[in-house]
Amino acid sequence: MTDTGSDPTPPPGCPAHEGAVPLAGLEYQQTPAQLYRSLRREHGAVAPVVLDGDVPAWLVLGYTEVSYVTSHDELFARDSRRWNQWSAIPADWPLLPFVGYQPSVLFTEGEEHRRRAGVITQALEGVDQFELARDCQIIADRLIASFAGSGRAELMSAYAHALPMRAAVQMCGMPHEGTDTQQLVDDLRISLDAAEGDDPVAAYTRVAERIQRLVKEKRDKPGPDVTSRMLLDPAGLTDEEIVQDLISVIAAAQQPTANWIGNTLRLLLTDERFALNVSGGRLSVGEALNEVLWLDTPTQNFIGRWAVRDTQLGGRQIRAGDCLVLGLAAANTDPQIWPESHVGAENSAHLSFSNGEHRCPYPAPLLADVIARTAVETLLERLPDLVLAVEPEELTWRPSIWMRGLTALPSLFTPVVQ
């Protein structure tokens, strides 16, 4: 950071006060709740942080504060071109796929956002939830059949990631199997949650090229799918707008839902509260799915919002153009809403699908629930004696401050002859 001498005020456009914590290479990546507690204790509901490359930002930790930011677009908007740090951002910055402005619904505002989000909502409302559940069960049965005879499986790669990927691309009119589709999901993972050595910018470019081909195919030959309904919507979106918005839809349906499935399976297989009622226990599955959204939500942090003008939040002075990271996981476990540290899973007021005008468009959360619930229930019904192949403490989380998902979920069960 720039030397400010005796002046305790940070330089213009630099919110990283003394004590700012890096949101990269964290020792807390396996247990981020410790980080959130530490930041809340030291800084309150809004903490100064630095992103990759020592880029300053604010992490909004409080439930009330996240709700306020997401409900006041006139103060905290989505167009990232407002950012006061662009001069410090290199072309290969790993978070560029998250924050680099694109003509996507994610970055639109006001009436334009309502127009674009309306097209997505109408297209998703055309998905029959009963048909989706049936399709997911068929996909689940095929995936389970591929490993059921062996008596063991690594469920993240073989099941949790594969199922929502196939369901999402099928909803959008792509074949749900084949190397083309697998390449798409691999590139989506890299662009959303890059591991060391990955190139997220190049991966995002490949995703866009594949979706461009899909839109062209559906423009020439529409069908009963999300892509075709977006193309035929009277709002008249351009092909480029539809490409960008489809990327958002597929990315949201795949990676977070996969981790929702994996995190729920982990909870069901490791928590004794569910042990007696896992096999076929639909009520337990529903409770576990909701508890995961409170305690291990797949999208831990979301970048972000950009301050429209100078303002205050959580006792902090926010400058025009400052970047705010939405701490969804921290907000969900805010002790201000859960006194005595007790987090109850009996309600659905969590912020896992965000809040306000830019929250996941209806009915996307309902469709994600259908996919996740069908995946978990079908697996437990087909393999009723499913257990972990390792001790629970041996499970590891992906090293990401953004997404919350297991690196692997090795399991054992009685082999099933197909």
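The values are calculated or read from the model by the stated rules, or taken from the named source; none is laboratory data. Keep in mind that this is a model prediction, so the values were computed, not measured. Cβ placement follows ideal geometry from the backbone for every residue including glycine, while neighbour counts extend to all protein chains displayed. Quick note on the areas: whole protein, heavy atoms, side chains included, nothing else; ligands and nucleic acids left out. Shrake-Rupley method; radii C 1.70, N 1.55, O 1.52, S 1.80 Å.
A simple packing score, the average count of other Cβ atoms within 10 Å per residue, orders the peptides 303-311, 129-137 as 303-311, 129-137, with the highest score first.
Packing around the peptides 89-100, 69-80, taken as the average count of other Cβ atoms within 10 Å per residue, puts them in this order, highest first: 69-80, 89-100. Rg/Rh for the chain to two decimals, with Rh computed the Kirkwood way over all alpha-carbon pairs. Computed over Cα atoms, the ratio is 0.96. Rolling a 1.4 Å probe across the protein heavy atoms gives the chain an accessible surface of 43 Å² per residue.
Here is the P(r) of the stretch 349-418: all C-alpha pair distances, binned every 10 Å from 0, give 15, 31, 35, 16, 3 in whole percents.
Each residue, residue 347 and residue 217, gets one label point 7 Å from its Cα in the Cβ direction; the gap between the two is 4.5 nm.
Amide H contacts for residue 299 (H built 1.01 Å from N in the peptide plane; partners 5 or more residues away or on another chain; cut-off under 5 Å): 404. The share of alpha-carbon pairs in the stretch 146-188 lying farther apart than 16 Å comes to 39%.
The helix-only estimate of mean residue ellipticity at 222 nm for the chain, built from DSSP H runs of length n ≥ 4 each weighted as -39500 (n - 2.57), is -14000 deg cm²/dmol after division by the residue total.
Given a 1.4 Å probe and every protein chain left where it sits, what share in percent of the accessible area of the chain is carbon and sulfur? So the carbon and sulfur contribution to the accessible surface is 52 percent. Near residue 239: Cβ cut-off under 9 Å, other residues only, Lys/Arg at +1 and Asp/Glu at -1. The net charge is 0.
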